[in-house]
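The values are calculated or read from the model by the stated rules, or taken from the named source; none is laboratory data. No experiment lies behind these values; they were computed from the predicted model shown. With ideal geometry, Cβ positions are generated from the backbone for all residues, glycine too; neighbour counts draw on all protein chains shown. Side chains are part of the model used for accessible areas, which takes the heavy atoms of the whole protein and leaves out ligands, DNA and RNA. Shrake-Rupley method; radii C 1.70, N 1.55, O 1.52, S 1.80 Å.
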Amino acid sequence: MSMRQINKILVIVDPTADTHPGVEKAGALAQKLDARLELFICDSKAVRQARLAARARVRTPPDPARSSAADPAALLESLAEPLRAGGIAVTTETECVDLLLLGLIDRTRRTTADLVVKDTHHHSLLRRTLLTNTDWQLIRSCPAPLLLTKPAPWRAPPQIVAAIDPGHVNDKPEALDHDILGYAAAVAAGLHGDLHALHAYLPMAVMAAAAAVPPLVAAVSDQDLKAEEEARRKEIAALVAGYGIDLKRIRLEVGGPVEVLPRAAASLHADIMVLGAISRSGLQRAFIGSTAEDVLEQLPCDALIVKPPNFADLLPF
């Protein structure tokens, strides 16, 4: 078992945004990992029409400071220039499409990048970061690992949390846990961060007792719960062997993923939580399990969503 290689990073840039934290974070990763960057703008028909309408309303001479925002190619070059000055190999690409979502999905499916990075948006009224419909569709459709970044900068050292599921309680393929750990280890090593392993679970003894008729929750002993916790801890220790995780940074939490993962991320001061996604072709679409989709809105940190090796093969085309 080993760290995953990240040699090329594709960054999806929003030409309508005022700030681009994803570009900055991707640049930090690229510099530490000696990876190449591609900055990409998908210039949709709606955005082009809004840009032309805004230009038509302007009666005063154009402001040079805003010229890059009005020109996607110029915007990308303005973002790329300081990265290149720092020694990073950066290419830029714009693509004109009618529908933004279809253009982004097509680009991510054609990419040879090892990681795709995209900003999520901050909603000032709710004081939280909300995922758009485009974000959700990319989560379901992008075959490469997808890093969704929020406005908050990473700490020094950053805290990287791998959410794993030994025993595959949540129906994840066995190899996916190793992919989660491999990418988490690569990011933690590249950023000189601390790597944690987190497992949320519901004790089998409690589940079995609750399913009985009548329920027998009172019959569950502390000894049973302690024995299961120890068994799970040994399972995790065996799973993370070889990834450089200090045993003191293995964390077990009782509860469902939706409840536990955001709470643990806050408690650990996580900067990036690495989650697994699964595809179920029987539904004729990619389906993200409860360990990813249901918790993303509540996470107080960036989310790196990792897919199984055959994820792209199961996507509907």
Exercise for the section: Could you identify the single residue in I278, I272 that is at pLDDT below 90, of a type outside the set (S, T, Y) and in contact with an Asp or Glu (Cβ under 9 Å, 6 or more places away or on another chain)? Expected result: I278
Practice task
Take the residues in segment 191-230 that are in a loop (DSSP other than H, G, I, E, B) and open to solvent by less than 70 Å² (accessible area, probe 1.4 Å), then tell me which one is modelled with the lowest pLDDT.
Solution key: A212
Problem - Selected residue (only one of D14, D43 is closer than 23 Å to R110 by Cα and either open to solvent by 50 Å² or more (accessible area, probe 1.4 Å) or in a loop (DSSP other than H, G, I, E, B) (or both)) - result: D14
Fill in the blank from the handout: Looking across segment 106-143 at residues that are part of a helix (DSSP H, G or I), among the polar types (S, T, N, Q) and open to solvent by 20 Å² or more (accessible area, probe 1.4 Å), the single one that is modelled with the lowest pLDDT is N133
Handout entry: Failed item in (1) on the phi < 0 side of the Ramachandran plot; (2) of a type in the set (G, A, S); (3) open to solvent by less than 20 Å² (accessible area, probe 1.4 Å); (4) out of contact with any Asp or Glu (no Cβ under 6 Å at 6 or more places or on another chain), with A237 passing the rest
Key = (3)
Practice task
Scan segment 225-246 and report the pairs whose first residue is free of Cβ contacts under 8 Å to residues at least 40 places away in the same chain and whose second residue is part of a helix (DSSP H, G or I), with Cβ atoms within less than 7 Å and a gap of 6+ or a chain change.
Solution key: L225/A205; E228/M204; E228/A205; A237/L247
Exercise for the section: Look at V240 and say whether it is β-branched (V, I, T) and more than 15 Å from L296 (Cβ to Cβ). Expected result: yes
